[in-house]
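S.K.: A single structure is presented below for examination.
Every number in this text was worked out from the coordinates using simple rules, so none of it is lab data. Because the structure is a prediction, the values reported are computed rather than measured. Heads up, the Cβs are rebuilt from the backbone with ideal geometry, glycines too, and the neighbour counts pull from every protein chain shown.
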Ligand SMILES: CC(C)(COP(=O)(O)OP(=O)(O)OC[C@H]1O[C@@H](n2cnc3c(N)ncnc32)[C@H](O)[C@@H]1OP(=O)(O)O)[C@@H](O)C(=O)NCCC(=O)NCCS
């Protein structure tokens with residue numbers, strides 16, 4: 001898909017280093033190369049990325065199993081945030097999942113992560129449950145879902 005000068009596509013081989021750099025600036029529990037490569041090899045993985053002027057700028061990892069999908073993470077490089085990349089990526093991903101027959105999408109988010117919660121809500125996700133003290137043994141995880 002090409003939109004406003006960006007391209008969104010399945011993550012090709014050879015981008016682990018770029019993804020890891022964004023992981024490190026985005027998450028306190030950044031994935032390792034091993035975790036990333038294993039996830040990319042999995043038949044249940046659905047992983048897409050936004051390519052803009054600077055190359056890979058944002059990515060999403062999902063898993064699809066038995067008609068449901070889970071979003072494991074979505075991130076945009078720090079310097080590219082607030083430019084609509086995650087929005088374009090999430091919209092594209094939900095369309096892809098819907099096209100393959102996925103009916104429901106789930107995710108977990110730290111209740112303090114306002115940017116992510118706003119992003120998810122913008123695309124129809126609603127909070128359905130809470131896991132108390134899930135992150136670092138003290139911060140609640142909120143579980144969101146969206147019907148496609
Ligand atoms: C969450 C994240 C992916 C958003 O990426 P982004 O490309 O900046 O998002 P967009 O520009 O597409 O913004 C989408 C919506 O998210 C919300 N949003 C994004 N950043 C926000 C911020 N700093 N404060 C409040 N709302 C924010 C807004 O509702 C925005 O819509 P709007 O521009 O129409 O107001 C990005 O902040 C990020 O990588 N964070 C670190 C990783 C993370 O927490 N991932 C989610 C958990 S897995």
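S.K.: When averaged across all projection directions, what area in nm² does the alpha-carbon convex hull of region 72-148 cover?
M.R.: 5.3
S.K.: I need two numbers for region 2-147: Rg to one decimal and Dmax as a whole number, Cα atoms only, in Å.
M.R.: Reported Rg and Dmax, both Å: 14.7, 42.
S.K.: In percent, what relative contact order does the chain have, based on Cα pairs under 8 Å that are 6 or more apart in sequence?
M.R.: 17
S.K.: If you count, for each residue, the other Cβ atoms within 10 Å and average over each peptide, how do 71-82, 10-21, 130-141 line up from highest to lowest?
M.R.: 71-82, 10-21, 130-141
S.K.: Based only on other Cβ atoms within 10 Å, what is the fewest-to-most ordering of 61, 51, 111?
M.R.: In order of increasing Cβ crowding within 10 Å: 111, 51, 61.
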